[in-house]
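Data block below; observations after.
The values are calculated or read from the model by the stated rules, or taken from the named source; none is laboratory data. Given the structure is predicted, the values throughout are model-derived calculations rather than measurements. For neighbour counting, all protein chains shown are included, and Cβ atoms are generated from backbone atoms with ideal geometry for every residue, glycine included. We work out accessible area using only protein heavy atoms, side chains counted, and drop any ligands, DNA or RNA first. Shrake-Rupley method; radii C 1.70, N 1.55, O 1.52, S 1.80 Å.
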Amino acid sequence: MPEFVIKYDKKVVEKIVTEKDHLSIGRTSDNDIVLDNRGISRKHARVELTGDSAILTDNDSLNGTFLNNRKVTVEKLRDNDVITIGKFDLEFHATTNSEEKMSDHDGTMILNTKRQKELIKKDREEKQLIRRAGCSVLLGLEKTSQAEFALEGDTITMGKFKYVNVKVGGWFVSGIQAKIIREGESFSIINVGRKNKTRVNGEAITRRLLKNGDIIQVGKAVFRFVEAS
């Protein structure tokens, strides 16, 4: 069964496992997921659960609904996606082993927190970047280089060799250390070189499905994955 892990200030406040085919999210107590914050609309968003599919919809909320740091209206959820509403993060898990069960603008404060401003600014910048590139992008985060690498092909190679698509440095980094491959509409990163030299969000990986906003480190090079919507 699907599970939502609700976090406030990076701390887990609730875990919800559901058998329902739809969930309402909002500030008032008549919602399935209640997020008690004045920056959240009474009926802020909803999730439709049908078979293996989960669709997130923003209910024209005042402050917006973000998925993996991207402002969205309607979007399909993937395992481990993070929904941000107000000051809350909701981690979506397609399945869970938990035994837990879950048996409009009026009055909404305009959210003007630093985090909200940063989310909106980043969302605007990323959409401009995607429009310019015409596809998903790797954005270099090193101070000496703000390089942008368009993910146009089916395979993007990363490493020390001269002919790789994205050249990176660092001790013991392989000629081809990692590959980013297109899988339908999604991208995955695979470590094909030395162990522990490819990390996503600080965790060493062998293979990982990428989501918007993921921080990728290959050797000494650091990038943010910006996914085309």
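Scanning the range 10-54 for residues that are basic (Lys, Arg) and farther than 20 Å from residue 77 by Cα yields 10, 11, 27, 38, 42.
Do any residues in the range 216-229 that are within 10 Å of residue 199 (Cα to Cα) have Cβ atoms under 7 Å from those of residues that are among the β-branched types (Val, Ile, Thr) and open to solvent by less than 30 Å² (accessible area, probe 1.4 Å), where the two are at least six apart or on different chains, and which pairs are they? What qualifies is 216/189; 216/200; 218/168; 218/198; 219/168; 219/173. Within the range 151-173, take every residue that is buried (at least 20 other Cβ atoms within 10 Å of the Cβ) and within 18 Å of residue 205 (Cα to Cα) and give me the one that is farthest from the chain's Cα centre (by Cα). Among those that are buried (at least 20 other Cβ atoms within 10 Å of the Cβ) and within 18 Å of residue 205 (Cα to Cα), it is 173. Going through (1) outside any loop (DSSP other than H, G, I, E, B); (2) under 22 Å from residue 185 (Cα atoms); (3) in contact with a Phe, Trp or Tyr (Cβ under 8 Å, 6 or more places away or on another chain) one by one, residue 57 falls short only on (3). Would you pick out the residues in the range 35-54 that are surrounded by fewer than 16 Cβ atoms within 10 Å (Cβ to Cβ) and under 24 Å from residue 115 (Cα atoms)? Residues satisfying the conditions are 36, 38.
Within the range 18-34, the set of residues being surrounded by 18 or more Cβ atoms within 10 Å (Cβ to Cβ) and of a type outside the set (S, T, N, Q) comprises 23, 25, 26, 27, 33.
Residues in the range 179-202 include none that are assigned to a loop (DSSP other than H, G, I, E, B), over 30 Å from residue 86 (Cα atoms) and open to solvent by less than 10 Å² (accessible area, probe 1.4 Å).
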